[in-house]
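So the structure is just underneath, and the comments pick up after that.
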Amino acid sequence: MTENPSRVEAFSDGVFAIAITLLILEIRVPHVDHGLWAGLVALWPSYVAFLMSFAVILIMWVNHHELLRMVGGVTYPFLFANGLLLLTVTFVPFPTAVLAAYLGTAEARTAVAFYCATFVVNALVWRLLFATMVRGGLKSSVTPETVATVRKAYFWGPAVYLLSTGLALIRPTLGLLVNVSLWILWMRLGYRSERSATR
């Protein structure tokens, strides 16, 4: 089974689009008798959760696009690994809603830890997806250096997310900051993959 991954990309793009759209549905219009501004300001945890999850799904979509440019052929393990990745992506709106509901409360530690733990699982599935790609064969233009770079990132990603989960149980804000710091890694990883594939 060595067909072009264009159908996989089209299906995956649709799932990413739905997941990123569902995020905004968690921001509810405040119903107040007076003081609408105060009601809108009180939604600040929802704004934070929405922006964070929108950014991370966008970054995941970009990296998914870059990975598919490296695929030599579609295999059954790759299809199932990609489906598992999409499962974790569509799950993101739920911990986002939990984070929005509890960020400003006494349960913030649990909410942030749950949010960060979601990305531990997500990062492990990214590692699995790339492993199936390598096993199934990459394009000849993909250099060993690129493969090593992606593998290294997918090795450290779950570890840092796990660290952010642990920190969230002690200091929720610190846990979120460590979680967000990985955005830089994933953005740089996508651009490096693109340059290497083009070269």
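Structure values in brief
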read-out	value
Qualifying residue in the range 138-145 (condition: part of a loop (DSSP other than H, G, I, E, B) and modelled with pLDDT of 95 or more)	no
Per-region count, the range 24-60, residues over 20 Å from Gly175 (Cβ atoms) and of a type in the set (A, V, I, L, M)	12
Helices (runs of 4 or more DSSP H) wholly inside the range 1-99 containing at least 2 residues that are farther than 25 Å from Gly137 by Cα, without any contact (Cβ under 8 Å) to a residue 12 or more places away in the chain and over 18 Å from the mean Cα position of the chain (by Cα)	36-41
Number of positions in the range 62-83 that are within 24 Å of Ile184 (Cα to Cα), surrounded by fewer than 21 Cβ atoms within 10 Å (Cβ to Cβ) and at pLDDT 95 or above	0
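The values are calculated or read from the model by the stated rules, or taken from the named source; none is laboratory data. Nothing here was measured: the structure is a model prediction, and the numbers come from that model. Note that we place each Cβ from the backbone using ideal geometry, even for glycine, and neighbour counts take in every protein chain shown.
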